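All remarks here apply to the structure that follows.
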Amino acid sequence: MQKLPIHQVMPDIINSLREYDCLILQAEPGAGKTTQVPLALLDQPYIDGKILLLEPRRIAARSAAQFMAQMLGETVGERIGYTMRNDQRTSRKTQIEVITEGVLVRRLLNDPLLEDVAMVIFDEFHERSIHTDLGIALCRDVALLRDEPLKLLVMSATVDTRALSNKLGDAPIINCSGRGFPVDIVRTDQPVKRFDLLQSITRRCLQLCSAPGDVLIFLPGKSEIHALERLLNDQLDPQINAGTEPYIQHQKQCQIIKVYSGTDESHLESLFSPSVEGSKRFILATSIAQTSITLPYVNCVIDSGLERKPQFDIRTGITRLTTKRISHATATQRAGRAGRVQSGLCYQLWTEQQNQALIAYDTPEIGQIDLSDTALTTLDWGIKSPDSLEWIDPPPHNLWQAALQKLEALGAIETLVEPDRIPSITTLGKELARLPTELRVARLLINARNLDAIELGTSIAALISEPSRSNDCDLASFFNSSQRPMLNQQQLKLAQRFRQLINNPSIKCLEYSGDTDQALINLVLSSYGDRVAISTDTASGRFKLKNGTAVRLDPSDRLSRHPFIVCIDLGGRDDRRELNLRLGLGVEKSHILHFLSNQIVHSERFEWEGEHLRALSVITLGEIEIDRKPARSLSKSSRATAWCQRISREGLDVLPHW
């Protein structure tokens, strides 16, 4: 077997884990940690049970399992297996199980002591997803409850090991060099403007057409990947560009491969083999390609220096994808992809001055995303307060409180009265915690099952989770004249998966026989009742949400003519206060009063009409006024308040002169 850098420190790893229950391994790219460490620990006497290896990416999990099984001369599913959502290959013989991060949390809820597990390995820990932070916090809690030790191994190439060790009870640290080759870094003389980014990358790609090897291009998101693909296809088309540029006349046949979350992984397997002779491959990728897997024919990286991450806005209650500068650690990871198997070159599209301004490490997700799923999991775990868990970084108080408010609105928790306001998970909350889907969608699915409207509910859930590319924001427009949902192939597959989650697949799922319009409104309001909005300007398509946030949609969209809508999918730029509606449903006043009766507030108000005091009965939902009408009478206290306010505003002269 080929000697790898990790083999030099393997005795230290084995001995440290024999003595300690927690270990930090900092190993540079190419060291071989992902596959070699689990195999070396497989037969150690203190590993009396299964080893779980957590990988943040599906393709990395599958690739690691296949490589380890191959080293043992086996197929995946024997001693080496993997588990991820909708895909599992394990058996009773499986001793090393590679899993994606969300799987660990689900397994902990079903098996709180991890009875058959001896060790959990957290790979690529520097990515610090919320699943990683929650997973390691729960594992540390499990370790305190078990009779047998639960070994924890944290592995990363770029992490602040001293700070991490302090937070893991002074866990020992082992460092390992990598097997990387030299990578020349080239930065720009002038800052690259955002609007010129893709053109700048295109020009660089054209210059690299005749160079050997694959080019890996890091972009912030899917939209930029598709836009760059179009630009490259236009520039590399010989019929369009024949004779226009000297380096295009002798171009190789070029292939563009896209890599981002949700992409079909089957076509990525070609990247592990040489390209067809005389061809050039450009790999357009998000951050998904910066760790875990080695692309052996990449010797050049073009880094935009940008990434897109979710950011939760407490004011609006909405998560938006924000585009930000990457950290030094991420830049190092990306550049290293060019030197995994040979010397390489990395073009970083930022200046030296901008490089010095980069933050050192990525901000953990726990400090910037919606924590409602995390809060529900901890409550289901039996933890009433986040302070009861040993976090690497504790969840911010304001994000935690926002999460509890959302859970209470969904009926997942009940909050006891002051002064402690201790949250308690409900029966519905326990069901929601065990459905591996977004919380609002899970609430919709459970309500659909209770209404005997499973086919309708799963179809709506698919339309919401996998929205069609359409200019129409109205959810009702995706139902035909027979009131049946019109789903594309991807949505049909997703609806089938949802049916399997909430219904025995052997039971035939009948078409809903009730009033489809009423059921549609019921299902949507049960999950998105806190996103009811009232029209404030029909001509411009403007609405106001229950929390007071402004929402806008195209005035030509038929939803803009509704007095009330439910906002299902909201987005918009993070530098604007106004949100854009991408998917919604029109509702009537009567629907709101009926389905959200427990949130409706009835109050009496008053207004002066000259010298006459007029009484009003007002119905509100949050900050929006649902209805107002004259009241028969005004209470003495309200009348006194009205006079006091007027005297304060206008003086004693307003009093009657008798």
*asked:* Please list, ordered by residue number, the strands (runs of 3 or more DSSP E) wholly in the range 155-224 having 2 or more residues that are open to solvent by 20 Å² or more (accessible area, probe 1.4 Å), at pLDDT 95 or above and in contact with a Phe, Trp or Tyr (Cβ under 8 Å, 6 or more places away or on another chain).
replied: 183-187
*Taking Thr323 as the residue in question, decide whether it is open to solvent by less than 10 Å² (accessible area, probe 1.4 Å) and either under 22 Å from Leu197 (Cα atoms) or among the polar types (S, T, N, Q) (or both).*
no
*Within the range 81-127, which residues are part of a strand (DSSP E or B) and free of Cβ contacts under 8 Å to residues at least 12 places away in the same chain?*
Gln88
*Give the residue, chosen from Ile59, Ile13, that is open to solvent by less than 30 Å² (accessible area, probe 1.4 Å), of a type in the set (A, V, I, L, M, F, W, C) and over 29 Å from the mean Cα position of the chain (by Cα).*
Ile13
*Pairs, first touching a residue at least 24 places away in the same chain (Cβ under 8 Å) in the range 638-653, second open to solvent by less than 50 Å² (accessible area, probe 1.4 Å), C-beta under 6 Å, six or more apart*: Ala642/Leu613; Arg646/Val654
*Residues in the range 429-447: is at least one in a strand (DSSP E or B) and either of a type in the set (Phe, Trp, Tyr) or buried (at least 20 other Cβ atoms within 10 Å of the Cβ) (or both)?*
no
*Might you let me know whether the range 514-533 holds any residue that is at pLDDT 85 or above, hydroxyl-bearing (Ser, Thr, Tyr), surrounded by 14 or more Cβ atoms within 10 Å (Cβ to Cβ) and more than 20 Å from Leu463 (Cβ to Cβ)?*
no
*asked:* Checking the condition in contact with a strand residue (DSSP E or B) (Cβ under 8 Å, 6 or more places away or on another chain) and surrounded by fewer than 21 Cβ atoms within 10 Å (Cβ to Cβ), which residue from Gln44, Gln95, Gln70 passes?
replied: Gln95
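Per-residue answers, yes or no, for (1) part of a strand (DSSP E or B); (2) open to solvent by 60 Å² or more (accessible area, probe 1.4 Å); (3) not aromatic (Phe, Trp, Tyr):
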| residue | (1), (2), (3) |
| --- | --- |
| Ser535 | yes, no, yes |
| Lys544 | yes, yes, yes |
| Gly548 | no, no, yes |
| Pro555 | no, no, yes |
| Leu559 | no, no, yes |
| Gly586 | yes, no, yes |
| His591 | no, no, yes |
| His594 | no, yes, yes |
| Glu604 | yes, yes, yes |
*Which residue pairs have Cβ atoms under 6 Å apart, sit 6 or more places apart or on different chains, and have a first residue in the range 357-371 that is farther than 16 Å from Asn398 by Cβ and a second that is hydrophobic (A, V, I, L, M, F, W, C) and surrounded by fewer than 21 Cβ atoms within 10 Å (Cβ to Cβ)?*
Tyr361/Ala329
_Of all residues in the range 32-71 being outside any helix (DSSP H, G or I) and small (Gly, Ala, Ser), the one that is nearest to Leu4 (Cα to Cα)_ = Gly32
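The values are calculated or read from the model by the stated rules, or taken from the named source; none is laboratory data. What you see is a predicted model, and the numbers here were worked out from it, not measured in a lab. No Cβ is skipped: glycine too gets one built from the backbone with ideal geometry, and neighbour counts run over all protein chains shown. These accessible areas exclude ligands, DNA and RNA; they are computed on the full protein's heavy atoms, side chains included. Shrake-Rupley method; radii C 1.70, N 1.55, O 1.52, S 1.80 Å.
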